[in-house]
Amino acid sequence: MHTLIPALAAREGRPWAAFGSMGADLQPQLQAQVLMNLVDHDMDPADAVARPRMAVLPDGVTVAVEADYPGAGEMARTGAHVQLMPARHHSFGHAHALVIDGPNAWRGGADPRSDGSVEYVR
């Protein structure tokens, strides 16, 4: 079963970003990471959804980390409860994002972990 989490973020009272994810138990963590990438790291939507991920697994103890996540190798060597996963692994869910820069000015990103895409139409 797939569930989706759509979200809308605003700046100065106006819609600024629409984004969503699917990913079962990891969904809330993925959603938060995408928003952090957009807001805190000022990333383009394509980069925000493609950025390597980490997540606490449902057991509440194990942290799964994509191999290309910054510092993943060190985490795996030193952490007893760290599971190193292949880069862009499907188990980290899929996300997509759209940022509104102004009238008729939008940027989008589709997660490379899935088969989605973004097309710009003028």
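A simple count of charges around LEU38, restricted to other residues whose Cβ falls under 12 Å of its Cβ and scoring Lys, Arg +1 and Asp, Glu -1, yields -1.
Looking at the chain alone, DSSP beta bridges between its own residues are antiparallel in about 85 percent of cases. For percent of Cα pairs over 22 Å apart, several values are listed as [x] 40; [y] 49; [z] 36; flag the one computed from this structure. Entry [z]. Give me the percent relative contact order of the chain, please, defined on Cα pairs under 8 angstrom at least 6 residues apart. The value is 25 percent. Close amide H partners of ALA87, meaning residues 5 or more places away or on another chain with modelled amide H under 5 Å apart, are ALA67, ASP68. Over the chain, dividing the summed -39,500 (n - 2.57) contributions of all DSSP H runs of at least 4 residues by the number of residues returns a 222 nm mean residue ellipticity of -6000 deg cm²/dmol. Distances between placed amide hydrogens fall under 5 Å for VAL82 paired with VAL63, all partners being 5 or more residues away or on another chain.
Coordinate-derived values only; no laboratory data. It should be emphasised that the depicted structure is a prediction, and the values quoted were computed from it without experimental measurement. We place every Cβ from the backbone using ideal geometry, glycine too, and count neighbours over all the protein chains shown.
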